[in-house]
Amino acid sequence: MIKFLNLQKITAKYADEIHEAVLRVVDSGWYLQGAENERFERNFAQYIGTEHAIGCANGLDALIWIFRAYIEMGVMQPGDEVIVPANTYIATILAITENGLTPVLVEPRLSDYQIDDSLIESAITERTKAICIVHLYGQCAYTEQISELCKKYNLKLVEDNAQAHGCLYHGRKTGSLGDAAGHSFYPGKNLGAFGDAGAVTTSDKALADTIRALANYGSSKKYVFEYTGRNSRLDEIQAAILDVKLRHLDEDVALRQSVAQRYCAEITNPKIIVPSISDWKAHAFHLFPVRCAERDRLQQYLSEQGIQTIIHYPIPPHKQECYRQMNHLSLPVTEQIHNEELSLPISPVMSEEEISAVINAVNKFE
Ligand SMILES: *Cc1c(COP(=O)(O)O)cnc(C)c1O
């Protein structure tokens, strides 16, 4: 069987370095807020190209902390609006509503599934305080036009970089393009921990200090509490593992891109729409999404051929029960993507034979 993602094989690739790192932490007797966090935060900030990185408990928290910190800093208030792509993973929207902010959903382009920047300006109101872009599936969503709109209307640009570690926009890493970025190190992400983990990157010192306090009970000085924060810290053991995997991230992303290159070149079935890529470095291929009018039948067929696939995602946020107040919205592009999308296996550990088997099976789908 060809697994959607073989995490065991990914870990095995770096087993010696990872075992060494884990044992180092175990033997050190120091498990939180120590040297491993410091080192990883420094290396991750350097990798992304920001002044600061703040480790936290998971990717959802990273995004929650960015908006919460802006509220604490007086930049936003509950009730303010944040523009966000309608077809994102729900965590992006949860981070907005968790802070009492209002998500304003903007349709993506069908051509690359990223927020349609030509629709953003008409969604801006007096209450708009930020645009939250999501580099969905690993592809860069940033455009100069979005940056111009932020300047023109004095909006913060927040990036959800959970899926896009290793993605470049003209030589700059996603996660460094806006005012702040939330990162997830969920095990299946391009840079994955062995459990939950996340981080915020920013070059805004005041924001970084506020987030560091919020994620540590609201305290920057022991037993002195400035904010009603939470415990949302990154474990030393996860930081040590992430630091090992960070060293290999670019080579892993290059392997993902080479799988994608073969899929794009060799999948010729007219029933299947593969991503059309103009800048290969601007896609870190966390996922390889295809579209097919008969998506469910394609998934069933591939499963019978021994190929695991996943739908990202079956129900859009505005059709979820938890967002009843948005259920009436009609977002046809988003809904079409959710009806037609299927993600094929992609990872840095797929063999050429496995890639060929996926291509052959997809091409034979009738
Ligand atoms: C995974 C993901 C998150 C949330 O990350 P967790 O670490 O699972 O909390 C947020 N946004 C997007 C787009 C994601 O894919």
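The values are calculated or read from the model by the stated rules, or taken from the named source; none is laboratory data. All figures in this text were calculated on a predicted structure; none of them were measured in a lab. With ideal geometry, Cβ positions are generated from the backbone for all residues, glycine too; neighbour counts draw on all protein chains shown.
In segment 174-201, the residue that is surrounded by the fewest Cβ atoms within 10 Å (Cβ to Cβ) out of those that are out of contact with any Ser or Thr (no Cβ under 6 Å at 6 or more places or on another chain) and over 26 Å from F4 (Cβ atoms) is D179.
Being touching a strand residue (DSSP E or B) at 6+ places or on another chain (Cβ under 7 Å) and surrounded by fewer than 20 Cβ atoms within 10 Å (Cβ to Cβ) is a property that holds for V333. Here segment 200-214 is the region considered, the condition is being part of a helix (DSSP H, G or I) and aliphatic (A, V, I, L, M), and the residue that is nearest to I146 (Cα to Cα) is L207. For segment 68-87, the criterion of being within 16 Å of the ligand (Cβ to nearest atom), crowded, with 21+ Cβ neighbours inside 10 Å and among the hydroxyl-bearing types (S, T, Y) is met by no residue. Residues of segment 256-263 include at least one that is buried (at least 16 other Cβ atoms within 10 Å of the Cβ), touching a residue at least 60 places away in the same chain (Cβ under 8 Å) and either within 16 Å of the ligand (Cβ to nearest atom) or assigned to a loop (DSSP other than H, G, I, E, B) (or both). Note on segment 266-285: residues that are surrounded by fewer than 16 Cβ atoms within 10 Å (Cβ to Cβ) and under 18 Å from Q139 (Cβ atoms) total 4. Scanning segment 106-123 for residues being aliphatic (A, V, I, L, M) and surrounded by 19 or more Cβ atoms within 10 Å (Cβ to Cβ) gives a total of 3. Across segment 338-346, a minimum of one residue is classified as out of contact with any helix residue (DSSP H, G or I) (no Cβ under 7 Å at 6 or more places or on another chain) and among the small types (G, A, S). Annotation note: of Y14, Y47, Y31, Y70, the sole residue that is modelled with pLDDT of 95 or more, under 27 Å from T128 (Cα atoms) and hydroxyl-bearing (S, T, Y) is Y70. Within segment 92-116, the set of residues being within 13 Å of the ligand (Cβ to nearest atom) and out of contact with any strand residue (DSSP E or B) (no Cβ under 8 Å at 6 or more places or on another chain) comprises L94, E98. Any residue at all in segment 270-278 that is of a type in the set (K, R) and within 25 Å of the chain's Cα centre (by Cα)? Scanning segment 270-278 turns up no residue that is of a type in the set (K, R) and within 25 Å of the chain's Cα centre (by Cα).
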